[in-house]
Amino acid sequence: MESLPCLGCKGLCCGPVPVTENELKRIKKKIKTMPSKIRSELESQNRYFGTCIFYDINNDRCGIHSVRPEICRMFGYYKELVCFRNPELATKNMEPSDFKVYAGMLTIDFTWDDFK
C-alpha cells in the first residue's frame, strides 16, 4: 500500500484531533512513561495554530505514533479524511459504525496540562 506523503508536511492536517476516553487513557500512559527530556521538548514546541499538541514539528512526525488515535490511523485512506497532498489514496468509505463517541479534541479540549 502506498503511504502518505507526510515528509515535509509539518502536521498541517494533524489537528484538532478527536479522541475517545480509551484513547486518552493510552495517551496518558504513554506520556507518563516518556523520558522527561523528550516530553519537555515535545511540549515546548511552537506549532501551527490548530495542530495537534503531540505533533513533533521539529522531527516532522507524530510524537505519540504508537498510541495515536484511530482517526489518525485512518487519515488519508478514507474519503472523509482526505490528504490534500495525495487525495487519490482516499479510496475507502467510513461506515456508520466507524464513528465513535469522542471525549473531546486534542489541542482544544485537552492540552498538555491534562497530561501532567
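Any read-out appearing in this document is the output of simple, stated calculations on the displayed coordinates, not a laboratory observation. Small disclaimer: the values here were computed from a predicted structure and weren't measured. Here Cβ is always computed from backbone atoms with ideal geometry, including for glycine, and neighbour counts include all displayed protein chains.
Quick check: pseudo-label points 7 Å beyond the Cα along Cα→Cβ at ASN46 and ASN93, how many nm apart are they?
Output for this residue pair reads 4.5 nm.
Using the Cα centre as the reference, give the magnitude of the dipole from point charges on the C-beta atoms of the chain (Lys, Arg: +1; Asp, Glu: -1; all else neutral), rounded to the nearest 20 debye. Can you show the working numbers first?
Details: 18 positive and 15 negative charges, 88 e Å.
Computed charge dipole of the chain: roughly 420 debye.
How would PHE84, PHE49 line up from fewest to most surrounding beta-carbon atoms within 10 angstrom?
Numbers: PHE84 10, PHE49 6.
In order of increasing Cβ crowding within 10 Å: PHE49, PHE84.
Nearest 10 degrees, 0 to 90: what angle lies between the long axis of helix 21-33 and the longest principal axis of the chain (Cα atoms)?
Approximately 40 degrees, to the nearest ten.
Per residue Cα convex hull volume for the chain, in cubic angstrom? Mind showing how you got there, number by number?
Values: hull volume 12.5 nm³, N = 116.
Spread over its residues, the Cα hull of the chain gives 108 Å³ apiece.
Relative contact order of the chain, please, whole-number percent, based on alpha carbon pairs below 8 angstrom and at least 6 residues apart. Working shown, then result.
Working: 148 pairs, mean separation 42.4, N = 116.
Relative contact order here is 37 percent.
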